[in-house]
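Participant: Right, I'll just put the structure down here and ask away after.
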Amino acid sequence: MEPSPALWHSQVVPLETDLERVSSHPECSICFNTYDNVFKTPKQLDCTHTFCLECLSRIMTTSTDPQNSKISCPFCRQPTIIPKKGPPALTTSQEVLCRLPVHQQQEEPVWLDGERLCYQRPIDIPGVPAFCICVDIGVSGQSAVSSSQTRPRLGLLERLMDWKRLLLFIFLMMLLLGIVLWPLQCIVTTGSMRCAPQNLQISTTTPSTTTVNV
């Protein structure tokens, strides 16, 4: 019997820097963006799965049952009741929030305004009022933006071709009107399709000769 080949088992151990990067910068499992304390605030569903506020708000606009006001988890499909104030009022995952940088560990107030998530950012300059930042989470707003971005623009060559077509159309229309109106004009003026009158008399004159008597 031939000896069986030896099998070598190896285990890939992740680098310490990769572990630190994954643990220190948690990401949303839907959009793969890093969590923060504003629009990407980590929100925990009843099934303990956590997603960012913006992704849950977008899912709510497309799959929410208006009668039950529930949202299904993208992973396990377990429903979660949405509060009256919308997805911003869902439970914030403090476990994920504490793993963010220090300046992002305090959740900022975000509210739902129709199909927009809004946040009022204060300014440290005295006398300058705070300004509001909004993110559109509706489908209509996204379609409008995409349609405006994909609208084709006519170049110079296409515009010249349009002018040539317009001039050719005008020339053909004038030629057609001339062909149609010319016989009508002849009928009105001469009474016939021919423009020359029928009773045209050609007058012939005979030269007079004079005789001189010498």
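Participant: Can you list the residues, at least 5 places off or on another chain, whose amide H is less than 5 Å from the amide H of K43, using H built in the peptide plane?
Facilitator: F51, C52, L53, S93
Participant: Pick out, in residue order, every one of the trypsin sites (Lys or Arg not before Pro) in region 85-118 that is DSSP loop and has at most 12 other C-beta atoms within 10 Å; say none if there are none.
Facilitator: On the way: sites: K85, R99, R116; in loops: K85, R99.
Filter output for region 85-118: K85.
Participant: Quick one: length gained pulling V180 to S63 fully straight, 0.36 nm per residue minus the C-alpha distance? Walk me through the numbers before you get to the answer.
Facilitator: Values: separation 117, 0.36 × 117 = 42.12 nm, distance 6.44 nm.
Taking V180 through S63 to full extension adds about 35.7 nm, to one decimal.
Participant: What is region 40-96's relative contact order, in percent, from Cα pairs under 8 angstrom and six or more apart in sequence? Let's see the in-between values first.
Facilitator: Numbers: 73 pairs, mean separation 21.7, N = 57.
Relative contact order, region 40-96: 38 percent.
Participant: Q94 to T189: extension gain in nm, 0.36 nm per residue of separation minus the Cα-Cα distance?
Facilitator: Numbers: separation 95, 0.36 × 95 = 34.20 nm, distance 9.80 nm.
That works out to 24.4 nm of additional length.
Participant: Next up: Suppose R0 equals 22 Å; then what is the FRET efficiency for E108 and F75 from their Cβ-Cβ distance, rounded to the nearest 0.05? Walk me through the numbers before you get to the answer.
Facilitator: Numbers: r = 26 Å, r/R0 = 1.20.
Once the sixth-power term is evaluated, E becomes 0.25.
Participant: By how many nm would the segment from H25 to F169 grow when fully extended, if each residue of separation counts as 0.36 nm and the alpha-carbon distance is taken off? Walk me through the intermediate numbers first.
Facilitator: Details: separation 144, 0.36 × 144 = 51.84 nm, distance 6.51 nm.
Contour length minus Cα-Cα distance gives 45.3 nm.
Values in this text are rule-based calculations from the coordinates and carry no lab data. This one's a predicted model, so the numbers in the text were calculated from it and none came from an experiment. Cβ atoms come from the backbone with ideal geometry, glycine included; neighbour counts cover every protein chain shown.
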